[in-house]
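**Student:** Pasting a structure here, questions to come.
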Amino acid sequence: MLREMLSGNSSIDPSQLAGAAGLPNDPASVAALMSQLRGALQGNGTGGIDWSIALKQGQERAAAGQLTATDEQRTQLEQAFHIAALWLDDVISVAELTIEPRLMTRKEWVTATLPLWSQLAEPVATSISDSLTRVLTEQAPEEMQGMIQNASQVMRSLGGTLFAIQLGQVVGQLSSEVVSGGDIGIPLLDEQQAALLPQNVAAFGEGLDIPTDQVQIYLAVRELAHARLFRHARWLRLHLITSITEFARGISIDTDRLEELAEGFDPSNPEELRQAMVNGSLIPPKSDAQLAALARLETMLALIEGWVDVVTAEATTRLPSSGAIAETVRRRRASGGPAESAFATLVGLELRPRRLRDAAALWQAVTDAVGNEGRDALWAHPDILPTAEDLDDPQALLTRLTSLSKGEEPALDDVDQALEDLLRDDGAERPHEE
């Protein structure tokens, strides 16, 4: 069936399948899609994913609506970064970046971030390929096993290629929605690299009735705060990426649902297939282990974003419209964009933390209690960061930090007190035993 479709001898309309997969279905895009899938069909069947396809798709999607920054825009944004660095120095005890911030086109953003997107998505792509192969192998009659073995390799190659194409399209669309390197909340760029996308910064400010320079400075402050946090907490980037990939490895595909779709698939009406891909029904409910991993990941993302919100608010008090810009950022974050929704469906992960307000309130309370230096010192190691329980009830954390800042011994909870009593008793008995 696949060979017939790719050779043009099938009743299946490739443009409808492309639309169902969320891909452009214009003639040129469909022709390119068929060419890439034919290449996968004729490949060596190793099953590896060619991520260069994703890069090409993303670059082409980004370049379609791309504008080059004017000299005036570049000058204004470079000045905004300079002001942002000075203002941040007053409110955070985090060292400056050693790499100059960048101004990126949408295509440059895709090129710079695609390696990490591929790393995050690969476990899910592998799971999809494994599920397709397993279904083929398990359902085939014994006399067809030899032929199916070859077909499963073809399906693995085709599945990987289609996934790479979809990922490229999503990242290409994201390039028109993000305003900076840290806008998504995860460290997409290399360590210490801060970046703004002038075209998207200008689009962000349209219709706000706020002076352009205030918007530019505010967004520059947010971006520098995000980049400087990851430079300060050296462990944070690897910790976050590892948490996301570990979560993604636990994602599986509902093969029963897949078989239902295959058996009832109507080539002339691929809407059911499109809905299954959009609403995530092919991904089974999360396991208890996955839910626990997701909760930890959401807490970390919320702590990062909440810290950035608090230090940005403090650093931009000189801007008359900082409150209005902050509200726009919050609304934009809450709603997300179509590409973020597509990534959530593709990889099974929402990138917007639900407990952001709680995290921001906690960081503000910590700042009020022990100052900026005491607040920022909590990023020294993951073991001393606030926890999900601290987000629920921050009072115990605040009491402990306040005591430490005054040089007092912090009050022990029940577990710590029991351990202290045990050690004290043990130390008292040793001389008697000797």
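The values are calculated or read from the model by the stated rules, or taken from the named source; none is laboratory data. Just so we're clear, the structure is a prediction, and the values are computed from it rather than from any experiment. No Cβ is skipped: glycine too gets one built from the backbone with ideal geometry, and neighbour counts run over all protein chains shown. Heads up: the accessible areas ignore ligands, DNA and RNA and are worked out on the full protein's heavy atoms, side chains in. Shrake-Rupley method; radii C 1.70, N 1.55, O 1.52, S 1.80 Å.
**Student:** Which ones in the stretch 272-293 are of a type outside the set (S, T, N, Q) and either at pLDDT 70 or above or within 15 Å of residue 249 (Cβ to Cβ) (or both)?
**Tutor:** Looking only at the stretch 272-293, we keep the residues that are of a type outside the set (S, T, N, Q), and these are 272-274, 276-278, 280, 282-286, 288-289, 291-293.
Of everything in the stretch 272-293, those that are of a type outside the set (S, T, N, Q) and either at pLDDT 70 or above or within 15 Å of residue 249 (Cβ to Cβ) (or both) turn out to be 283, 284, 285, 286, 288, 289, 291, 292, 293.
**Student:** Turning to a different aspect of this structure: Looking only at the stretch 92-115, decide whether some residue is out of contact with any helix residue (DSSP H, G or I) (no Cβ under 9 Å at 6 or more places or on another chain) and farther than 30 Å from residue 28 by Cβ. Give the derivation first.
**Tutor:** Taking the stretch 92-115 first, the residues out of contact with any helix residue (DSSP H, G or I) (no Cβ under 9 Å at 6 or more places or on another chain) are 112.
Applying the additional criterion that residues be farther than 30 Å from residue 28 by Cβ yields none.
So far as the stretch 92-115 goes, no, none of its residues is out of contact with any helix residue (DSSP H, G or I) (no Cβ under 9 Å at 6 or more places or on another chain) and farther than 30 Å from residue 28 by Cβ.
**Student:** For residue 377, state whether it is at pLDDT 70 or above, aliphatic (A, V, I, L, M) and within 12 Å of the chain's Cα centre (by Cα).
**Tutor:** Working: at pLDDT 70 or above: yes; aliphatic (A, V, I, L, M): yes; within 12 Å of the chain's Cα centre (by Cα): no.
It is false that residue 377 is at pLDDT 70 or above, aliphatic (A, V, I, L, M) and within 12 Å of the chain's Cα centre (by Cα).
**Student:** Here's another thing I want to ask about it. I need the full set of residues from the stretch 230-243 which are surrounded by 16 or more Cβ atoms within 10 Å (Cβ to Cβ) and of a type in the set (S, T, N, Q), in order please.
**Tutor:** Scanning the stretch 230-243 gives a single hit, 243.
**Student:** Out of everything in the stretch 104-137 that is under 24 Å from residue 194 (Cβ atoms) and open to solvent by 20 Å² or more (accessible area, probe 1.4 Å), what residue ends up being nearest to the chain's Cα centre (by Cα)?
**Tutor:** Going residue by residue through the stretch 104-137, those that are under 24 Å from residue 194 (Cβ atoms) are 104-120.
Restricting the remaining residues to those that are open to solvent by 20 Å² or more (accessible area, probe 1.4 Å) gives 105-108, 111-112, 115, 119.
On the way: 105: 20, 106: 17, 107: 18, 108: 18, 111: 16, 112: 14, 115: 13, 119: 11 Å.
The residue in question is 119.
**Student:** Can you tell me which residue among 206, 191, 260, 246 is modelled with pLDDT under 85, open to solvent by 40 Å² or more (accessible area, probe 1.4 Å) and either within 20 Å of residue 105 (Cα to Cα) or in contact with a strand residue (DSSP E or B) (Cβ under 6 Å, 6 or more places away or on another chain) (or both)?
**Tutor:** Values: 206 fails: modelled with pLDDT under 85; 260 fails: either within 20 Å of residue 105 (Cα to Cα) or in contact with a strand residue (DSSP E or B) (Cβ under 6 Å, 6 or more places away or on another chain) (or both); 246 fails: either within 20 Å of residue 105 (Cα to Cα) or in contact with a strand residue (DSSP E or B) (Cβ under 6 Å, 6 or more places away or on another chain) (or both).
Result of the check over 206, 191, 260, 246: 191.
Results for (1) under 25 Å from residue 326 (Cα atoms); (2) in contact with a Gly (Cβ under 6 Å, 6 or more places away or on another chain); (3) not in a helix (DSSP H, G or I), shown as yes or no for each residue.
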residue: 363; (1), (2), (3): yes, yes, no
residue: 366; (1), (2), (3): yes, no, no
residue: 371; (1), (2), (3): yes, no, no
residue: 376; (1), (2), (3): yes, no, no
residue: 386; (1), (2), (3): yes, no, yes
residue: 390; (1), (2), (3): yes, no, no
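**Student:** Now for a separate question. Please state which one of 162, 158, 197, 114 is farther than 21 Å from residue 330 by Cα and modelled with pLDDT of 85 or more.
**Tutor:** Working: 162 fails: modelled with pLDDT of 85 or more; 158 fails: modelled with pLDDT of 85 or more; 197 fails: farther than 21 Å from residue 330 by Cα.
On inspection, the qualifying residue turns out to be 114.
**Student:** Right, next: Step by step: first the residues of the stretch 300-321, then only those that are open to solvent by less than 20 Å² (accessible area, probe 1.4 Å) and among the polar types (S, T, N, Q), then the one that is nearest to residue 253 (Cα to Cα). Which residue is that?
**Tutor:** 312
**Student:** Please pick out the residue among 349, 385 that is open to solvent by less than 20 Å² (accessible area, probe 1.4 Å), farther than 30 Å from residue 82 by Cβ, at pLDDT 90 or above and hydrophobic (A, V, I, L, M, F, W, C).
**Tutor:** On the way: 349 fails: at pLDDT 90 or above.
The match here is 385.
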